[in-house]
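Here's the structure we're looking at; comments come further down.
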Amino acid sequence: MLYVLATNSVRTSDVLCEYLRDRLAPGDAVHAINSLHGGDQTSSADIRDGENALDAVADALDGIDGVTVETHQFVRGNPPAEDVLAYADDVDADEFVIGVRNRSPTAKVVFGSVAQDLLLGANLPLRVVPQETV
């Protein structure tokens with residue numbers, strides 16, 4: 001199995017890795033992705049947070065026998081969901097793993113939802129792992 005894991009924070013990485021840890025088998029691969037818009041929409045703190053999120057995945061899954069982990073951070077001006085969907089297609093992924101938070105209706109309108117875009121655009125199985133309420 002090749003899993004594409006989309007993460008944007010250390011907390012998300014921790015929750016997703018906890019979910020995956022018992023499901024991974026020798027020969028499986030996890031490709032963790034953090035995608036940022038870039039330009040004026042992305043700060044150096046955003047980039048650092050993305051790198052930390054990816055490091056958390058590598059640290060959490062390192063040492064699981066027979067499982068490979070790759071991390072990729074994209075800052076190329078694309079919407080994050082577009083980057084994740086294109087990458088999954090490029091590597092012929094078997095499954096997405098994403099985290100979702102319960103947000104107020106106002107927060108959904110103001111901030112949008114990468115998870116929603118992934119749900120609507122995915123053409124392969126998608127595991128949605130609930131996170132804390134925000």
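Within region 29-40, the set of residues being open to solvent by less than 20 Å² (accessible area, probe 1.4 Å) and of a type in the set (A, V, I, L, M, F, W, C) comprises ALA29, VAL30, ALA32, ILE33.
Note on region 7-28: residues that are among the hydrophobic types (A, V, I, L, M, F, W, C), open to solvent by less than 40 Å² (accessible area, probe 1.4 Å) and part of a helix (DSSP H, G or I) amount to 4.
Can you spot a residue in region 32-46 that is under 17 Å from VAL97 (Cβ atoms) and out of contact with any strand residue (DSSP E or B) (no Cβ under 6 Å at 6 or more places or on another chain)? Give the steps one after another, and end with the answer.
Quick first cut of region 32-46, residues under 17 Å from VAL97 (Cβ atoms) only: 32-35.
Next, from what is left, pick out any that are out of contact with any strand residue (DSSP E or B) (no Cβ under 6 Å at 6 or more places or on another chain): none.
Checking region 32-46: not a single residue is under 17 Å from VAL97 (Cβ atoms) and out of contact with any strand residue (DSSP E or B) (no Cβ under 6 Å at 6 or more places or on another chain).
Can you find a residue in region 43-65 that is within 21 Å of LEU124 (Cβ to Cβ) and among the small types (Gly, Ala, Ser)? No, every residue in region 43-65 fails to be within 21 Å of LEU124 (Cβ to Cβ) and among the small types (Gly, Ala, Ser). Taking residues in region 121-134 that are surrounded by 11 or more Cβ atoms within 10 Å (Cβ to Cβ), and partners anywhere that are part of a strand (DSSP E or B) and modelled with pLDDT under 85, the pairs with Cβ atoms closer than 7 Å and at least 6 places apart or on different chains are VAL128/VAL100; PRO130/VAL100; GLN131/VAL100; GLN131/ARG101. For region 41-94, a tally of residues being among the acidic types (Asp, Glu), open to solvent by 40 Å² or more (accessible area, probe 1.4 Å), over 18 Å from LEU20 (Cα atoms) and without any contact (Cβ under 8 Å) to a residue 60 or more places away in the chain returns 6.
The values are calculated or read from the model by the stated rules, or taken from the named source; none is laboratory data. Just so we're clear, the structure is a prediction, and the values are computed from it rather than from any experiment. Cβ: placed from backbone, ideal geometry, glycine included. Neighbour counts: every protein chain shown. Just so you know, the surface numbers come from the protein's heavy atoms only, side chains and all, with ligands and any DNA or RNA stripped out. Shrake-Rupley method; radii C 1.70, N 1.55, O 1.52, S 1.80 Å.
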